[in-house]
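Read through the structure below, which is laid out as structure tokens, and then see the notes.
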Amino acid sequence: MVSAWPEPVVRVQSLSDSGIDSIPDSYVKPIYDRPLHMDISSNSNQPDNIPVIDLANLYSHDLTLRKTTMDLISDACRHWGFFQLINHGVSYHLMAEVRRVWREFFHLPLEKKQEYANSPATYEGYGSRLGVEKGAKLDWSDYFFLHFLPVSIRNESKWPQSCRELVSEYNEAVLKLCGKLMKIFSLNLGLEEENAFGGEQVVGASLRVNLYPKCPQPDLTLGISPHSDPGGITVLLPDHHVSGLQVRKDNAWLTVKPIPNAFIINLADQLEVVSNGQYKSVEHRVIVNSNQDRLSLAFFYNPRGDILIRPLLTDNEPPLYDQPMTFNDYRTFIRLNGLHGKSQVQSLKSPR
Ligand code: OGA
Ligand code: NI
């Protein structure tokens, strides 16, 4: 296990606050990775067309509406791997409060935040990079990462004291929502198990709060490099005042325009594996800007860590992902190597 960072950690927020007008070389991405590189077109001025699902319709008395909603979710999972979810049942007040306490955390003096500094052994705490490759290009963001499930690795004493109560309440609410989504996905896929990830007692869950400080040269860098999320389902609470999240749809990066109080649901790699590729995890990245910082909360709902995750097949289909891995091993790989698009989930397929 790697227990130390390869280079001294620099807080992006401190860099941003220092008033520099050019960014250090370590954040300057190669040309093909920059936001405006046209190899994959960045059509941020077009409508994003990302599906919007109204969850309340699933619980309507109108059975036709329920059925249409199940079908809309199925389409969104198959063709996008990504949708905005409205009327999801989580309290808007709770969402606003949890953002508020995290904003307050990031605006504490640096020495206070340093008490929570993380290491690559667990990633838990206040961090500024992913991956331990020396000399790697870095992303323009800081974060706070914490484990929520399984309970055996939950350690509230490592969470900022001012956030503890709300984080527990918020995570419980989002966890419940993930249980519902998992049930819907399993029904739509025709899987026997109601929760293909093991059920509420054994799944894993964690929270990553991202802060993207203002950047003097936003065209040269990214807030997060292109990646798909490693786990099962990600529930993202974006900042609806500032956009930044882009999803890759075919050969374009679409900028998401978040609906106030909606969640962004993002299918991740283990769901792609379990569904044998019927659902696709989606590649996404974050761009930054020079005017406003941006805060987001990403809740990761993951399969239990210690069993091999493989396709659950409904017919006689051949398994496409035939190099199964446990989620613990999968995540360790990313933690060492950093983010590289969808290369890791692709590596679970034998060449054919
Ligand atoms: C992530 C992520 C997107 C965002 O934390 O994995 O993709 O908008 N975040 O912050
Ligand atoms: Ni992500």
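The table below gives the values:
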| item | result |
| --- | --- |
| Selection from region 242-255 of residues that are buried (at least 21 other Cβ atoms within 10 Å of the Cβ) and either small (Gly, Ala, Ser) or farther than 27 Å from VAL345 by Cα (or both) | GLY244 |
| Among residues of region 322-352, those that are assigned to a helix (DSSP H, G or I) and among the basic types (Lys, Arg), counted | 2 |
| Pick from region 224-236, criterion within 10 Å of ligand 1 (Cβ to nearest atom) and aliphatic (A, V, I, L, M), ranking: farthest from the chain's Cα centre (by Cα) | ILE224 |
| Output for region 230-243, where each listed residue is assigned to a loop (DSSP other than H, G, I, E, B), touching a Ser or Thr at 6+ places or on another chain (Cβ under 9 Å) and closer than 14 Å to ALA298 by Cα | PRO230, GLY231, PRO238, ASP239 |
| Test: residue in region 262-278 that is among the hydrophobic types (A, V, I, L, M, F, W, C), within 16 Å of ligand 2 (Cβ to nearest atom) and open to solvent by 10 Å² or more (accessible area, probe 1.4 Å) | no |
| Only one of ASN195, ASN266 that is within 29 Å of VAL151 (Cα to Cα) and at pLDDT 95 or above | ASN266 |
| Members of region 151-164 that are open to solvent by 30 Å² or more (accessible area, probe 1.4 Å) and of a type in the set (A, V, I, L, M, F, W, C) | VAL151, ILE153 |
| Residue that is in contact with a Pro (Cβ under 7 Å, 6 or more places away or on another chain), within 16 Å of ligand 1 (Cβ to nearest atom) and of a type in the set (D, E, K, R), where the choices are ASP239, ASP269 | ASP269 |
| Selection count where residues are open to solvent by 10 Å² or more (accessible area, probe 1.4 Å), of a type in the set (Val, Ile, Thr) and either part of a strand (DSSP E or B) or within 15 Å of ligand 1 (Cβ to nearest atom) (or both), scope region 283-308 | 2 |
| Cβ-Cβ under 6 Å pairs, at least 6 apart or on other chains, region 287-308 side within 11 Å of VAL242 (Cα to Cα), far side basic (Lys, Arg) | ASP293/LYS214; LEU295/ARG103 |
| Test: residue in region 207-221 that is near ligand 1 (Cβ under 9 Å from one of its atoms) and open to solvent by 20 Å² or more (accessible area, probe 1.4 Å) | yes |
| Qualifying residues in region 266-296 (those that are out of contact with any Gly (no Cβ under 9 Å at 6 or more places or on another chain) and of a type in the set (A, V, I, L, M)) - the one farthest from LYS183 (Cα to Cα) | LEU295 |
| Scan of region 113-141 for residues that are of a type in the set (D, E, K, R) and open to solvent by less than 40 Å² (accessible area, probe 1.4 Å), ordered by number | LYS113, GLU124, ARG129, ASP139 |
| Residue check for PRO311: over 19 Å from the mean Cα position of the chain (by Cα) and open to solvent by 40 Å² or more (accessible area, probe 1.4 Å) | no |
| Test for PRO258: is it within 28 Å of SER350 (Cβ to Cβ), assigned to a loop (DSSP other than H, G, I, E, B) and within 10 Å of ligand 1 (Cβ to nearest atom) | no |
| Neighbours by Cβ (under 8 Å, 6+ apart or cross-chain): first from region 315-326, within 21 Å of ARG304 (Cβ to Cβ); second part of a loop (DSSP other than H, G, I, E, B) and of a type in the set (A, V, I, L, M, F, W, C) | PRO319/LEU313; TYR321/LEU348; ASP322/LEU348; GLN323/LEU348; PRO324/LEU348; MET325/LEU348; THR326/ILE307 |
| Filter pass, GLN323 being more than 20 Å from LEU130 (Cα to Cα) and not basic (Lys, Arg) | yes |
| VAL167 more than 16 Å from ligand 2 (Cβ to nearest atom), open to solvent by less than 10 Å² (accessible area, probe 1.4 Å) and farther than 21 Å from VAL101 by Cβ | no |
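Table: residues versus (1) more than 16 Å from ligand 2 (Cβ to nearest atom); (2) surrounded by 16 or more Cβ atoms within 10 Å (Cβ to Cβ).
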{"site": "PHE144", "(1), (2)": "no, yes"}
{"site": "LEU189", "(1), (2)": "yes, yes"}
{"site": "GLU192", "(1), (2)": "yes, no"}
{"site": "ILE224", "(1), (2)": "no, yes"}
{"site": "HIS240", "(1), (2)": "yes, no"}
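The values are calculated or read from the model by the stated rules, or taken from the named source; none is laboratory data. For clarity, every value in this text was computed on a predicted model and none was experimentally measured. Virtual Cβ from ideal backbone geometry, glycine too; neighbours counted across all protein chains shown. What goes into the accessible areas is simple: the full protein's heavy atoms, side chains included, and nothing from ligands, DNA or RNA. Shrake-Rupley method; radii C 1.70, N 1.55, O 1.52, S 1.80 Å.
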